[in-house]
Each structure stands twice: as structure tokens, then as C-alpha cells.
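Take a look at the structure set out below.
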Amino acid sequence: MTGGLVVVGGSYAALHTIASAREHGYRGSVTLVTREPRLPYDRPSLSKSFLTGTTDPARLAMRGDRFWTQHRVTTRLGSTALDVDPHARTVQLRGGERVDYDQLVLCTGSRPRRLPVPGADLAGVRTLRDLDDALALRVDVATARDVVIVGAGFIGLEVAGALASRGLTVTVLEAAPRIMGRVLTPTIAAYLSDRHAEVGVRIRLGVSVAALEGRDRVRAVVATDGVRLPADVVLVGIGATAEPALAESAGVASSAAGVVVDAAMRTGVPGILAAGDCTLHANRFAPAGGPIRLESVQNAVDQGRVAGATVAGVESRYDSVPWFWSDQCGLKLQMAGLRRPGSREVVRGDPAGGRFSVFHLDDDDRVTAVDSINRPAEHMLARRLVAEGVRIPADVVADPAVDLRALNLTLT
Ligand SMILES: Cc1cc2nc3c(=O)[nH]c(=O)nc-3n(C[C@H](O)[C@H](O)[C@H](O)COP(=O)(O)OP(=O)(O)OC[C@H]3O[C@@H](n4cnc5c(N)ncnc54)[C@H](O)[C@@H]3O)c2cc1C
């Protein structure tokens, strides 16, 4: 066969698949097919410094032109892959062209959920997934006074904190009884809520959107409790789903919950792999071992690395501790591991001083997850503790006099 490696997607998973394939000795041709008109860039900045700053978009590029030349990659920017024929081993692009492959890696990421309410299509109602979204939002907020953010997840809260600090009136509507309910412990959620209140963000819990009003542009949000909030800009941050259409066209098991892969990032269809936000995978760090779909740079990078090794014929398995970070109101939140229902929470450090962690311990005192505020060194240690399933009694965790690095920790 002559098709070589074709990678669809233009972000962390795609970049690291290609880098890893070459590092592991893959010598065939490599083609990157990406819908966006640019090479992979730093996506997390879009809801952080980029939004309120004046950063030139070109500065977000993850790799310079030299990387793509040195790795002998043919880049097809602004190209959408529409359909895969797994028998002929071809990918059809928008416009009709077909690209041959021997091995195809789907790194298609996820896409934001839309609000299913009247007015959701008005100008000024935005989602934030890519650089074009961020550039449009940056223009909108430059002249805005009132901003309503729907959803108190990571993206919504990062944007809320950044805009409120710049003096805009920011209201966050969250349907659940607390912010980031799916991922954060109540202790951290309460702490972050207070910091948002301090910079002027108004968070309204247990409230969603009934309708968006305006003629050409959005002018107001009508909340489900009947309150009408003026809005020059509305950011919808209510989560994302996988992009399963391409995988489905190839007969790969997939849904909005993700593209099913094994630990080597293979799908069930010969010659087709997947990596990053789009995958649904077993994960020993997840409650009940998964399957789970993760949306994080860590997952996209590490799965990309495994996919690249598999493409090169080198045995490799994905077995990384999930970790994540978020910058909000000048605080660094870092999470290692995944919180499990029923785990015990132990606070280490001083919330009043703005530096602390919440350790999650299972019934055997095993550290299953650690959420840290402004404790980067503890976060790095936490990744190891979770990876190795270390046991630490709760009173030891809570004792600030104990240096956890110096403990003779009990490994499984
Ligand atoms: C605003 C924002 C802030 C974030 N902040 C953080 C953070 O602080 N920390 C963290 O760990 N994670 C963060 N994330 C999540 C992180 O960016 C993602 O987990 C990561 O980008 C996933 O990488 P990926 O390569 O799997 O997919 P994506 O980054 O989603 O990229 C998928 C790419 O595939 C392209 N594509 C899709 N379908 C096709 C097709 N059919 N044909 C061609 N191209 C296609 C898309 O256009 C896109 O370029 C953030 C995400 C966003 C949007």
C-alpha cells in the first residue's frame, strides 16, 4: 500500500501522533488533514490570557514551520474529512478529493453543545472551541458591558473571571446546585465561588436559560426563574460532545460519547486508530475503570504518543494518570486523578491563605485524586501518588508538619 499515515485533526492529539510516529521510526508518508486554516496551536489560552489580551494569534502556534518540514508532513489546512472507506482505505475530503491511507488516526476532538432554546442563533451568542471563536469573542467583549455566561464549567468560569477583572458585568447561570459539580469537590467549588464573587462575577445556581431575546443581536437572557438579564454577549459553555460522524462513516464503534479505542488506540476497524478528546477508552483511574471520554491536554498528548507508537509498530499502552489545570481569578487549580463517588476528602494546607489541596482517599487510604489550589509542587507529587496507588492515612495527609515527599510510602 502507498497511502502512508493520514491524521485527521489539527491539535494536540494529531501533533503528538505524528511526532511520536516519527520518533518511533515510522518512515512512510504522513499527511495531516485539518479543518482549521492553521496548524496546531495552544487551545487552552483561548479562555485565559488570549481573550483579554492582545496576543497575536500566530504566537499561539505549538510548533514552528521547521517541525513540519523536518517530520516530512504534508499539511492539508482548511480541509474537512467527510467520509472514510475502510475497504479501499481512502478518506474523502470536502470538495470530493480522496486521500489514500495505510493507517488513519482520527484526532477529531469534540464540539460544543448548543443551547436548545429560542434565540440561540442570534448574533452575539457564542461558543468557544477554536481560535476563530476566540477572535470573534474578543471583538464582541471589547465593546460589551453586560455578559451572560451559560454554564459554570471550566471554560465559562475562566472567561467569567477574566472579563469581570476587566470591569465587565458578568453573570453566570448554572443549572446544577454548585459550580463544576461533575469534577470538583464541594470544598474547592465553594472556595472558587468566593474568589469569583470577589472579582465581581455573579453566579446564579439552579438556574438555566429559557430564551434569548434580541432582534439582530442578543440583548437579554431570560432565565428559567423568570429573571431577565441584559446581555451584549452570551457565552454558552455547557460542555462538549465527541465528533463521531467520521468514525461512524468508517464503521467504527462510536457515538457522541466517543470513538471506542483499546489501550493501543486501535479502533475495531483494521488500519484505523483514534486519540484525544474524541476517544472513549477504558481507564484504570476512572470510577469502575471507565469507559470514559476525557477532555484534557494530558489525555490528547499521551494518547497521541501511544497512537504514534502503534502506527510505527512499537507496542505501547495508554495508562496515564489523568491531570488537568485551570486558571481562574489569578488562581491555579490543578487536578490529578479522577474523583470517585464515596471517597473521603482530606484538606491539606490553608484555604484562608489561598494555598491548599484536597486529597481523595478510598477505603484503604489509597490516594485516588488530589485537587490543588496554588500548590504546583504538591500537584506534581500527587500525580505520582495516584499513579502508584499510594496509601496515606488521613491524619498524616492533614498534618502540615509532615513532608509527604519524605514519607516511606506504602505502594501496592
Ligand atoms: C477554550 C478552551 C480552554 C481549554 N483549557 C484547558 C486547560 O486549561 N487545560 C486542559 O488540560 N485542557 C483544556 N482544554 C481542553 C483541551 O484544549 C483539549 O482537551 C485538547 O485540545 C484536545 O485535543 P484534541 O487534539 O483531542 O482535539 P481538539 O483540540 O478538539 O482538536 C480537534 C481538531 O480536529 C479538527 N477536526 C474535527 N473534525 C474534523 C474533520 N472531519 N476533518 C478535519 N479536521 C477535523 C478540529 O477542527 C480541530 O482542529 C481547553 C479547551 C478549550 C476549547
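All of the numbers you see were taken from the coordinates with simple rules; none came from a lab. Computed from a prediction, not measured in an experiment: that's the story for all the values here. In this analysis, Cβ positions are derived from the backbone assuming ideal geometry, glycine residues included, and neighbour counts consider all displayed protein chains.
Once the Cα-Cα distance is subtracted from the 0.36 nm per residue extended length, the Asp83 to Ala245 segment shows a gain of 57.5 nm. Considering every alpha-carbon pair of the range 203-295, the percent of pairs per 10 Å bin, from zero through the bin containing the longest distance, is 15, 31, 16, 22, 15, 1. Using only the Cα atoms of the range 29-158, each taken as one equal point scatterer with no solvent, compute I(q) by the Debye sum, divide by I(0), and report log10 of the ratio at q = 0.09, 0.20, 0.21 Å⁻¹. One equal scatterer on each Cα of the range 29-158 leads to -0.37, -1.21, -1.27. Where only DSSP H runs of four or more residues are counted, the chain gives -7000 deg cm²/dmol as its mean residue ellipticity at 222 nm, each run worth -39500 (n - 2.57).
Positive-end ranking of Leu381, Ala352, Ala134 along the dipole of the chain, with charges on Cβ about the Cα centre, is headed by Ala134. Charge tally around Arg182: other residues with Cβ under 12 Å, Lys/Arg +1 each, Asp/Glu -1 each, net 0. Applying Stokes-Einstein at 20 °C and 1.002 mPa s to the Kirkwood radius of the range 83-222, computed over alpha-carbon pairs, gives a translational diffusion coefficient of 122 µm² s⁻¹.
Projecting the Cα atoms of Val261, Ser45, Gly153 onto the dipole axis of the chain, where Lys and Arg carry +1 and Asp and Glu carry -1 at the beta carbon, places Ser45 farthest toward the positive end. Directionally averaged projected area (the range 1-66, Cα convex hull): 5.4 nm². Antiparallel versus total DSSP beta bridges in the range 54-186: what percent is that, nearest 5? Of those bridges, close to 60 percent are antiparallel. Under 19 Å from the 7 Å Cα→Cβ point of Ala387, by amide nitrogen: which residues of the range 281-295? Output list for this probe position: 283-286. Rounded to the nearest 20 debye, the dipole magnitude of the chain is 520 debye, with +1 charges on Lys and Arg beta carbons, -1 on Asp and Glu beta carbons, and the Cα centre as origin.
With 0.36 nm allotted per residue and the present C-alpha distance subtracted, the Ala406-Arg66 stretch has 118.1 nm of extension available. Length gained on full extension, Ala175 to Arg217: 12.7 nm, using 0.36 nm per residue less the C-alpha separation. Just the Cα atoms of the range 245-400, one point each, no solvent: what log10 I(q)/I(0) does Debye give at q = 0.10, 0.19 Å⁻¹? Debye output, listed in q order: -0.42, -1.10. Just add up the charged neighbours of Gly124: K/R +1, D/E -1, any other residue whose Cβ is under 12 Å from the Cβ of Gly124. With Lys, Arg at +1 and Asp, Glu at -1, the neighbours total -2.
For the range 216-235, the residues whose amide N sits under 16 Å from a probe point set 7 Å from the Cα of Ala210 along the beta carbon direction are 220-230.
Seen from all directions on average, the chain presents a Cα convex hull projection of 21.2 nm². Evaluated at q = 0.28 Å⁻¹, a Debye calculation over the C-alpha positions of the range 292-349 (equal weights, vacuum) places log10 I(q)/I(0) at -1.17. Computed from the Kirkwood radius of its Cα pairs, the Stokes-Einstein diffusion coefficient for the range 313-387 at 10 °C and 1.306 mPa s stands at 122 µm²/s.
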